[in-house]
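What follows is one structure encoded as structure tokens, with my remarks underneath.
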Amino acid sequence: MTLAVWKSLAEPGSAPLVAAAAKAEHPSVADMMRLRKMASGDEVAAAMGLAKARRKAANKFPGRADSLMADPAGVEMATSASAGAWKAARFAAALGKGRVLDLCCGIGGDATALKAAGLDVLAVDHEPVRAWMAGVNAGCESECADALVIAQRDRLPFHLDPARRDKGGARAWGLDELVPAPDTIRGIIDACIHGAVKLAPGIDFAEVGERLGDGEVEIISEGGRLTQAVLWCGRLSRGPGVRTATMLSSGGLVGVVGGMSMSGPVDEIDLPVAELGAFLAEPDDSVERAGLLGQLCASTGAAMIHPQLGLLTKGEPFVSPWVRSFRVLETFAWNERRAKDVLKRHDAGHVEVKTRGKAVNPDELQPALSRKGGVPAVLFVLRFGREMRAIVAQRVTTQ
């Protein structure tokens, strides 16, 4: 939709249309006829898109979704309030109340957090609708322009969020699929020096270092799911080659920072390995992705059950917010019929199946092994070299 259409939705006179569209989540023919009597076809389509975007934004922007100006794709690509506040806190600590560029700003998730942290924000996007949305949502100055042109003009600390989708709308993971392209991103870094580049959590770290510069790379997880990697540059970086794992609580309000992180060099020595003990633990995905399992083993007194499986073990309960802990009940060579007998002996009801490397299909096994009644159980099915082993366990609910 054109900028004029979107701007019309922000006018007080469009409030009845916006409210009616919000009520028509699954619109009937009668609903659409009623809406089309209220406004033009383009305005109705934009209002329906706005309503869908606001519903989509409820978890990402709690308490603010109903006031956003956004389209569904913009919400999907936007930084959440929690992650935005976490990153903005680092900008504020380094820059105080200084001016910062939010380049490729989209609907303004990061711009909103930077503004809430007390920074003077200029939001920039090459799409006029998105630049306008960011300005409205963040309450900041915005400009429709080329990111590199603005970076070279202003040479200010920056946050850059390249588009991570291909032309078909699918998520893109490689540097060469980013928009702007890697050479342009490097030009922005060279012009502005101090800043952050938002990347996919599965990005190739070595390629980032070779093509964008060897700054700190932070891996962020939210509610147990990896959501982004951040390349920190200049004085916002903790140092070349540093990796950081950050775990944020799900949800959150703009300006409220809730999370924790660990930093260090990537694991370069062999990780400690031990036989399975009384307790098993899954580290937060950010730790494994950042290459900091060795640091987690050292801090918890744990060892790996296998060098490639990413699971920790020890004889005593884990006391760490970085892991999901399980009490081991029994282990045996994997056999589905035997698994049913073992689970029945432990009075297992609902069985959650976990694996690594697609050793089994959890979606098929869980209903086959679960039964009514009993107690919840977790079944790990893992490949140790050529051997398949099963571990029956129960979640430890308190750390």
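Derivation of every value follows stated rules applied to the coordinates shown; laboratory data play no part. This structure is a prediction, so every number in the text was calculated from the model and none was measured. FYI the Cβ positions are ideal-geometry reconstructions off the backbone, even for glycines, and counts take in every protein chain you see.
Summary table
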{"read-out": "3J(HN,Hα) from dihedral phi, the range 19-25, Karplus parametrisation 6.51/-1.76/1.60, rounded to Hz, x for glycine, proline", "value": "5, 5, 5, 5, 7, 9, 5"}
{"read-out": "Cα-based reach from K7 at 18 Å (exclusive), listing lysines while leaving out same-chain residues under 8 positions away", "value": "K52"}
{"read-out": "Compactness relative to 2.2 N^0.38 Å, alpha carbon Rg of the range 295-399", "value": "1.08"}
{"read-out": "Cα long-axis angle, helix 336-345 against the chain (0 to 90 degrees, to the nearest 10)", "value": "80 degrees"}
{"read-out": "Dipole of the range 273-399, positive end: most advanced residue of G301, F326, V378 [Cβ charges, Cα centre]", "value": "V378"}
{"read-out": "Ratio Rg/Rh [Cα only; Rh per Kirkwood] for the chain", "value": "1.04"}
{"read-out": "Relative contact order (percent, whole number), the chain, Cα cutoff 8 Å, 6+ residue spacing", "value": "9 percent"}
{"read-out": "Long pairs among K314/K340; K56/K358; K87/K354, criterion Cα-Cα beyond 29 Å", "value": "K56/K358; K87/K354"}
{"read-out": "Lys, Arg +1 and Asp, Glu -1 on Cβ, resulting dipole of the chain about Cα centre, debye, nearest 20", "value": "1280 debye"}
{"read-out": "Neighbour net charge for R345 - beta-carbon separation under 11 angstrom, K R +1, D E -1", "value": "0"}
{"read-out": "Neighbour count of at most 10 Cβ within 10 Å plus DSSP loop: longest GluC sites (Glu not before Pro)-free window in the chain", "value": "1-267"}
{"read-out": "GNM top mover of A359, A51, A200 - the chain, alpha-carbon springs below 10 Å", "value": "A359"}
{"read-out": "Residue with peak Gaussian network fluctuation, the chain [Cα springs, cutoff 10 Å], from A298, A70, A117", "value": "A298"}
{"read-out": "Å³ per residue enclosed by the Cα convex hull of the range 125-166", "value": "89 Å³"}
{"read-out": "Positive dipole terminus of the range 3-56, leading residue within A46, A4, A22 (C-beta point charges)", "value": "A22"}
{"read-out": "Top of K198, K344, K115 by mean-square fluctuation, Gaussian network on the chain, Cα under 10 Å", "value": "K344"}
{"read-out": "Local electrostatic count, A333, Cβ distance below 14 Å [Lys/Arg +1, Asp/Glu -1]", "value": "+1"}
